[in-house]
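**Q** Before we start, here is the structure in question, set down as structure tokens.
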Amino acid sequence: TAALSSNSGGNTNWTFSSPTSSQIKFVKWNAAGNNDGSSWTNAWTSLRNGANSATTGDEVWVAGTNTYAENVTMKGGVAIYGGFAGTESARTSRAITTNPVTVDPNAVDGIVGAAGCTIDGFYVTGAVDGIDNNTATATIANNIIYSCTSDGIELNASAVSNSLYSNTIYSAAVRGIL
């Protein structure tokens, strides 16, 4: 971006800044490093902390074979992807069924959507609503939502018409999609 300004001497100055680039934040339940999300070694050990550290355009990669006993509220424009072993360097290398990432928030909503977010590759159980996407447009794909006390995915009319849902299975929820 560029900005034009004038100083007290009447000179015109241009200021240029580079756009911020997207980052990958890492979450791995048993990481032993700095717990700052900068790599698999230094991954966040909390899914919530990993999602909270992200900004618009970032991806959060989550290693599986564990249950994250917490809920997550997404930020706009952030994507979270489950199914990693914790060694990958490309998102296409993840294996969702081999490295399941389970979110079990214990009787609150599992993952709460935000405008432009992506929720991809999670098993959500033990929630009131597995994914609550009432106020957001989102991409929700490759998830399994089961044993929730209310809805698999809770939506409003805007979320239904402006979101993309694919390859998501609902089992043993009171209602699959509301």
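Computed from the coordinates by the stated procedures, all read-outs in this text should not be read as laboratory data. A quick note: this is a predicted structure, and the numbers were derived from the prediction, not measured. As a convention, Cβ positions derive from the backbone with ideal geometry for all residues, glycine included, and neighbour counts pool all protein chains shown.
**Q** Report the label-to-label distance for Thr97 and Thr65 in nanometres (one decimal), using points 7 Å from each Cα along the Cα→Cβ vector.
**A** 1.8
**Q** Another one. Sticking with the crude label model, points 7 Å out along Cα→Cβ, report the distance from Asn30 to Ala85 in nm, one decimal please.
**A** Inter-label distance under the simple model: 1.4 nm.
**Q** Which log10 I(q)/I(0) values does segment 67-107 give at q = 0.20 Å⁻¹ under the Debye formula, counting every alpha carbon as one identical point scatterer?
**A** The Cα Debye sum returns log10 ratios of -0.74.
**Q** Follow-up question, since we're still on this one. Can you divide the C-alpha Rg of segment 51-145 by 2.2 N^0.38 Å and report the result to two decimal places? Intermediate values should be presented prior to the final figure.
**A** Numbers: Rg = 12.2 Å, N = 95, 2.2 N^0.38 = 12.4 Å.
Ratio of Rg to 2.2 N^0.38 Å for segment 51-145: 0.98.
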